[in-house]
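Heads up, the thing below is written out as structure tokens.
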Amino acid sequence: MTSGAHPSFTIDVGSASIAAALIAPLDGRRRLLASAAAPVAVGAEPLLRDLVGRVSAADRAVLPDAGRWEDWPRIECRTDPPPRAVLAGISERVLEPLAREFTRDGWAVTATVTGERAQAYETALAIRDPDLDLLVVAVPDGSAHDSAAALLAVVGAVASLRPQLPVVVSGGGATSVPGVAPERLLHGHGPADTVAVSRQAVPGRLAGREAFVRSVASLAQVLDLRVEGVDVGHEAGTRAMAGADGILRRIVLAEGALVPAAALDDQRLLDAIARWSPLPDDAYVIRDRLRNLRIAPWRDATSDGARLRLAAARAALERLEDAWHDDGRQHGSGLDRLTDRHGHVPATAPDLLIASGGAFAAPPGPATALALVDTLRRPGAMVLAHDHARVLGPIGTLQDEDERRRLLAELVDTALLPLGSAIVAPGLRAARRGTVRVTVGGATTSLPLTPAAVQVVDLPPGVSATTELDSPDDLFVGARARRVSFEVTGGLGGLLVDTREIPLRLPDRPERRRAYLDAWQRPLWTNAEP
Amino acid sequence: MIGSIAPDRIAPRVMMLSQPVVRIALHPGDRPLVAAGDRVEPGQPVLERLRHAQVAEHGLRGHAMPAPGTTFAGGTAVAGSGRRTLRFDGAGEVVCALPGGHVRAVVSRHLATVESPVDGTVVGLDAAALSLRADGMGVTALIAVGEPACGPLVVAIEGPSAELRGQRIDVRHAGAILVAGSRIDVESLTRARAMGVRGVIVGGVIGTDVHALRASIGRQEASIHASPPFALVVLDGYGKRPIPPDAWEALTQAAGQTVGLATTPPLVLLPSDAAPYAADRSRVRVVSGPYLGRTGRVLEMIGLRRLAGGVYRELARVALDPVVPPGAHDIVELPIAELERHG
């Protein structure tokens, strides 16, 4: 697919924006030389031409064959709007796990119907949705014959009017659907298998988000670290954690979009997003600005608009976090290594947390770092990075695992922008003080460790430090301890030492909440003033 | 091209579409009055729709099951003949047969018609939707509420940034589509509907007003008597937003002619003899920030710059058109993300 000897492009085509990067050999290895993003309506060609022009203007020798850039290989990834599915089942109890599995796989479940008489009109209306991609009929083994027959009669009759609509039968309680030709039917067993089978009905529609997950897994192998990747885009959010054994968990969530489509008509959802906004505007103004962010996502990306966008990104990360924990509680033993004994608090932070997606294109790096720490709260230390050129998605489309790892290994220094490190250590009681000692190259700086606060320690990119926390109370950093030490690296946001609780609770009163948010965020935006 | 990045890096917005296809979703019980390939004109009934639809069941009494999707008029036989004829109390559509030998249908005694918003051709008809290809042009919009509607176009304001006040809407506008400027409030929308206005085209709208209008339309649908269709089409987003210049130009040219409003996708449908608007692709419009709605011309592409708050943006130097002529051009540096290219 790519050749180490020639330049190539990565292109990530999203629903709202397009990002491109130019990769070329330099000093014996491939490096990311330039990247840019634009509204998707601009298209790839102007971006690629611009990248080549910028690099050539800086150093013509780097791209000796620049005139033939249109022939260079392109590694392209595309993310589509979530496929839409209607789930029909004999009971809500049957549909609940199925709906959870579909929504965690990136589907938009537009309706769940049980085929009762009162729902016949709604069933017909839902299945006749012109934008529907899939109908799933869940009839588990041992279902009551009458209930199953009544459901299949209604659903099959309506589905017979949509000959192009794929139908998946989930469970062993039915082998056919009346009125639906057998060749149209796909069969799944449990919820997970049904989701896997359903993907065949919408080939490629979820491939872009899977590619991101694959890259996270490959990166974990390359770095031999536990890596977590989170991608917030216009249509969905993706979160994946990988370690030495491959992918540990992943979710793709339509609700994890920057401003989900449902928010246009759901004031409560808009208000939940607005809770993260430090802007003092009236609530109805904020709601309309958020609606505009949904329908015209590229606009309003500077000044207050960047802050509002990051508030929306925080809310999206919060929804991903909630779904992640919800999944943890549902799946039980497989998640023991990630959650505490209550199933609520993740045991430890990942070694490396990477942010990606159009949501993080506008805000400055330090502010993005705090947004990650505010929402994906894990006790312990982690390194934060930004996939600023959005290369992880395209690289994940490479089918050859070795080639994927080689490319990631070569690009890791230039494609992952270091945002800094974060130590999340709740536990210090009110009015108590501890000490933070940061040692860089033999020189130690001491700072007070204060409760329920986030402190920013200036630690430039590329600088490593040993950080010790000394507390009169037990700090929770995966284990409980009064004195802990971490090796951290610097970045645009430096080192964030966070003693706030997990999860972060915001005051209900708007003025007080905005004051808190402003106090936490101001140092990171102010430090970024030109 | 001047400067370090090409002008084509500025996002284009296609305001005008030639011969767009609009879609009307079919509900259970809808009876199409046209077939694929038929010609339609604005205001022509294309669907018969059930109002207050209910689900009803009837014993098949040994008759053959009518095919799902079969539509029937009120009082007509759905199956069988003679004294054992199977009839429902109202018009509707067969949904399915049940295992116990019953047929289930969606029925209603109250019918309404859905009108074509376009002069064009039926290009698709299935159980899910009716698709119509317009002969003329479509002005693209971002939001639409209500049902497809059509009527003579009345430009009711002086300029694209003006606002239409409710007091200026009266019975003379009955049956018309009003161009209402940069914003309309819910009181004016209510008054417009009360005066028989068929639709409103506006640059921006407050989100809560959209909710109020949806609720009002819902309440009206629940009433006994059907009201004429009404549509609100919003060209540029939420809040107060001037009508984009291309759209303003096209709408003022079409004043007095019959136009349509489509909701899927949101479009203003201009008649086939409307002159296509030739957009000047070198011009730009500011779509956010303090210069919202201003138009101008890009003088120079500046490149990547660091702005307040540490945000990096690509900038362009733009000569904004004078607000009140005669006046000097304002020359400003703006992020290209805040610009839209015409055409």
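The values are calculated or read from the model by the stated rules, or taken from the named source; none is laboratory data. For clarity, every value in this text was computed on a predicted model and none was experimentally measured. A quick note on method: Cβ atoms are made from the backbone with ideal geometry, for glycine too, and the neighbour counts reach across all protein chains shown. Quick note on the areas: whole protein, heavy atoms, side chains included, nothing else; ligands and nucleic acids left out. Shrake-Rupley method; radii C 1.70, N 1.55, O 1.52, S 1.80 Å.
Quick notes on this structure:
- Charge tally in the Cβ shell below 15 Å around residue A:434, where Lys, Arg are +1 and Asp, Glu are -1, residue A:434 excluded: +3
- The residues of the stretch B:10-24 listed by number as losing at least 10 Å² of accessible area in the complex, against the isolated chain and with a 1.4 Å probe, are B:11, B:12, B:23.
- Were the residues from residue A:141 through residue A:437 laid out at 0.36 nm apart, the gain over their Cα-Cα distance would be 100.4 nm.
- Environment charge at residue A:264 (Cβ cut-off 15 Å; Lys +1, Arg +1, Asp -1, Glu -1): -1
- Using the Cβ-Cβ distance between residue B:212 and residue B:252 with R0 set to 30 Å, the FRET efficiency works out to roughly 0.55.
- Under the membrane-span-like helix rule (DSSP H runs whose alpha carbons stretch at least 15 Å along the helix axis, mean Kyte-Doolittle hydropathy -1.0 or higher), chain B yields B:207-222.
- Crossing angle, helix A:207-223 versus chain A [Cα axis fit, 0-90 degrees, rounded to tens]: 40
- B/A buried area, accessible surface, summed, 1.4 Å probe, Å²: 4300
- D by Stokes-Einstein for the stretch A:423-481, Kirkwood Rh over Cα pairs, 4 °C, 1.567 mPa s: 106 µm²/s.
- Average Cα contact separation per residue, chain B, under 8 Å, 6 or more apart, as relative contact order %: 19
- The long axis of helix A:92-104 is offset from the longest Cα principal axis of chain A by roughly 40 degrees.
- Rg and Dmax of the stretch A:1-101, both derived from C-alpha coordinates alone, stand at 20.3, 67 Å.
- All Cα pairs of chain B, percent lying beyond 34 Å: 39
- List of the stretch A:278-299 residues, accessible area with partners at least 50 Å² below that of the chain alone (1.4 Å probe): A:288, A:291, A:292, A:295, A:299
- Calculated accessible area for the protein assembly as shown comes out at 39 Å² per residue, all protein chains present (probe 1.4 Å; ligands, DNA, RNA ignored).
- Rg/Rh for the stretch B:48-159 stands at 1.15; both radii use Cα atoms, and Rh follows the Kirkwood definition.
- Span from the the stretch A:140-157 Cα centroid across to the the stretch B:1-60 one, whole angstrom: 34
- Rounded to 0.05, the FRET efficiency of the residue A:285 and residue B:77 pair, given R0 = 60 Å and the Cβ-Cβ distance, is 0.55.
- With the Kirkwood sum run over all distinct C-alpha pairs, the stretch B:279-341 has a hydrodynamic radius of 12.0 Å.
- Per atom type, the protein assembly as shown shows carbon and sulfur on 51% of its accessible surface, probed at 1.4 Å.
- Values of log10 I(q)/I(0), in the order q = 0.16, 0.20 Å⁻¹, for the stretch A:412-530 under a Debye, Cα-only, solvent-free model: -0.82, -1.17
- P(r) weight above 42 Å for the protein assembly as shown, C-alpha pairs, percent: 41
- Contact with the other protein chains removes 10 Å² or more of accessible area, compared with the isolated chain and a 1.4 Å probe, from these residues of the stretch B:99-133: B:99, B:104, B:106, B:127, B:128.
- Axis of helix A:145-159 versus longest Cα principal axis of chain A: the two differ by about 80°, to the nearest ten degrees.
- Once C-alpha pairs closer than 8 Å and six or more residues apart are averaged by separation and normalised to the residue number of chain A, the relative contact order reads 12 percent.
- Pairs of Cα atoms nearer than 8 Å and 6+ residues apart set the relative contact order; for the stretch B:160-292 it is 22 percent.
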